[in-house]
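Working notes for the structure below.
The values are calculated or read from the model by the stated rules, or taken from the named source; none is laboratory data. Quick caveat, the model's predicted, so the values are computed rather than measured. Note that we place each Cβ from the backbone using ideal geometry, even for glycine, and neighbour counts take in every protein chain shown. Just the protein is used for accessible areas: all its heavy atoms, side chains included, with ligands, DNA and RNA removed. Shrake-Rupley method; radii C 1.70, N 1.55, O 1.52, S 1.80 Å.
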Amino acid sequence: MQLGKDAYHVVLQRVLELLCTDSTPDEKQSALFVLQWDQDSDAAPFLQAVLSLPAVKSDATLRMCIVGALLHWKDLSVLPMAEEDLFDPSAKSRSWPKLNLVLAISSLEPQTSIPLLARVFAFA
């Protein structure tokens, strides 16, 4: 994916490249925090593709960060992944990525978010 040449897009390009390289999980997570959620929805297709990478699949925290970003952009195709990460007790992660998923879900339309949030609170 090639983005524009202004400074912000150069940084965004580097963020996306970090997600596809042998960078550490912490570097990848830090890179995601650079995204401006109200402006970077153009990165959504790329982030969807990144979800299929083995390094992302095996890192629950990183996967939840990406899924949360996509949910923030109203991409409901990742909702099953979010549910799996929220309700699978074997998904090892710190608590903040799950909280971010819940926050992203709460920003969805009520007919989608309320039933899932009710399950989250019943599960907790």
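Between Gln13 and Ser30, the contour length at 0.36 nm per residue exceeds the alpha carbon distance by 4.7 nm. Ordered from highest to lowest accessible area with the whole protein assembly present and a 1.4 Å probe, Glu84, Glu27 read as Glu84, Glu27. When a 1.4 Å probe is rolled over the protein heavy atoms, the share of accessible surface on region 67-124 that falls to carbon and sulfur comes to 65 percent. Only protein heavy atoms count here; on that basis, with a 1.4 Å probe, Asp26 has an accessible area of about 100 Å². Mean projection of the Cα convex hull over all viewing directions, computed for region 49-100: 3.3 nm².
Within region 40-62, name every residue whose backbone N is under 19 Å away from a label modeled 7 Å from Cα of Ser90 along the Cβ vector. Label zone hits: 54-62.
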